[in-house]
1. Using 0.36 nm times the number of residues separating Glu179 and Asn79, minus their current alpha carbon distance, what extension gain do you get?
2. About its Cα centre, how strong a charge dipole does the chain have in debye, to the nearest 20, once Lys and Arg get +1 and Asp and Glu get -1 at the Cβ?
3. Taking just the alpha carbons, could you work out the radius of gyration and Dmax for segment 6-106, both in angstroms?
4. Can you list which of the trypsin sites (Lys or Arg not before Pro) found in segment 25-104 are DSSP loop residues with at most 13 other C-beta atoms within 10 Å?
5. So, how do all the Cα-to-Cα distances of segment 68-113 break down into 5 Å bins, in percent, from 0 on up?
6. Using Cα pairs closer than 8 Å and at least 6 residues apart in sequence, work out the relative contact order for the chain, in percent.
7. Go ahead and set up a Gaussian network model of the chain, Cα springs under 10 Å, then flag whichever of Ala29, Ala52, Ala108 fluctuates most.
8. How large is the Kirkwood hydrodynamic radius of the chain, in angstrom, based on all distinct alpha carbon pairs?
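Taken together, the values in this text are just the output of simple stated rules run on the coordinates, not laboratory data. Only a predicted model underlies this, so the values are computations on that prediction, with no experimental measurement involved. Don't worry about glycine lacking a Cβ; one is built from the backbone with ideal geometry, like all the others, and counts go over all protein chains shown.
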Amino acid sequence: STYQVGYFVGSLSSTSINRTLSKALIAVAPPDLEFTEIPIGDLPLYSPDFDADYPPGPRALKEAIAASSAVLFVTPEYNRSIPGALKNAIDWASRPWGENSFNHVPAAVIGASPGQIGTALAQQSLRGVLSFCNARQMTAPEAYIRLAPGAITDDGEVTDESMKQFLTDFMQEFRDHVERVLTVLPRT
Ligand code: FNR
């Protein structure tokens, strides 16, 4: 069978290296994973005032997660945490109370930065958020990607062989994680 992976890119930048990383991940992923981006850039800011009647964008966000077997977060680090746009999307998806879209959903996090820490603190922050949202996270392997110029082309081709192997292994592990979770917690 095929697993539908809804992926979030935490950056709204038109030159995002995390978007480039997402292309690379899709390119090296096992063939039984199918990917659909879940866009976050046009969502209004969340307020509980919307809980009684969600606008179309946030509604579509929740439907996209519901249609996914699993979710993948590819995010930069902003000021040692996750970008506000991504947090806003997660907040929308987690509500209204009792209708948390992430409940029991298999999930993984990964991110890239030009600097040495490779989004480690953003991912730590994101993991705390996803824990509260009761997503079933892959805990290992972790993937803190320091992207040197040219390691991945703009089209998502991984030119660095050791990085290519690492990303391939990461996606294989993610696939296996999704399968294990869904065996116990099937998505309807
Ligand atoms: C950054 N950047 C950054 N990098 C990092 O390693 N730790 C950090 O805390 C931050 N903080 C931060 C805040 C803001 C507002 C910006 C715009 C940038 C640098 C960041 O890693 C770099 O810009 C990446 O290229 C961002 O990822 P995308 O947008 O290219 O995917």
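1. Extra length available between Glu179 and Asn79 comes to 32.6 nm.
2. In debye, rounded to 20, the chain gives about 360.
3. 13.9, 42
4. Arg80
5. Taking all Cα pairs of segment 68-113, the binned fractions are 5, 18, 25, 26, 16, 8, 1, 0 percent.
6. The normalised contact order for the chain reaches 26 percent.
7. Answer for the Gaussian network model of the chain: Ala52.
8. Taking every pair of different Cα atoms in the chain, averaging 1/r and inverting gives 16.6 Å.
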